[in-house]
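For reference, the structure is listed below as structure tokens.
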Ligand SMILES: [Zn+2]
């Protein structure tokens, strides 16, 4: 594999630029289905997000995710995507409970 300059992408949540591989991609397929693209290779229109719920919800609330994907997202679908994101987060690190 050739080494190239790391591609940078902007998170649609916090709008910070990060290396592409640190972000997750949400992709809208030509059939109009949304899914998390873990390989980064799915075809379709994509939006990049940090791996956290906060950026996801910020992006949804500000409608930046919808804008980036050029579609509306149903609340059912949002719940599914949030759930998948949750699994990724758990994968990354032990969850800390910071409720007092
Ligand atoms: Zn972010």
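Quick note: the coordinates plus some simple rules give every number you see, no bench work behind them. Not measured: the values here are computed from a predicted model. No Cβ is skipped: glycine too gets one built from the backbone with ideal geometry, and neighbour counts run over all protein chains shown.
Here are some notes:
- Ordered by the number of other Cβ atoms lying within 10 Å of each residue's own Cβ, fewest first, 55, 14 fall into the sequence 14, 55.
- Estimated inter-spin distance, residue 86 and residue 70, nm [label 7 Å along Cα→Cβ]: 3.2 nm
- With the highest mean first, a sort of the peptides 22-32, 37-47, 68-78 on other beta-carbon atoms found within 10 angstrom per residue produces 22-32, 37-47, 68-78.
- Per-residue ellipticity at 222 nm computed for the chain from its helices equals -10000 deg cm²/dmol, with DSSP H segments shorter than 4 residues left out and the rest contributing -39,500 (n - 2.57).
- Once C-alpha pairs closer than 8 Å and six or more residues apart are averaged by separation and normalised to the residue number of the chain, the relative contact order reads 24 percent.
- Descending semi-axes in Å of the chain, equivalent ellipsoid built from Cα gyration tensor: 21, 19, 13
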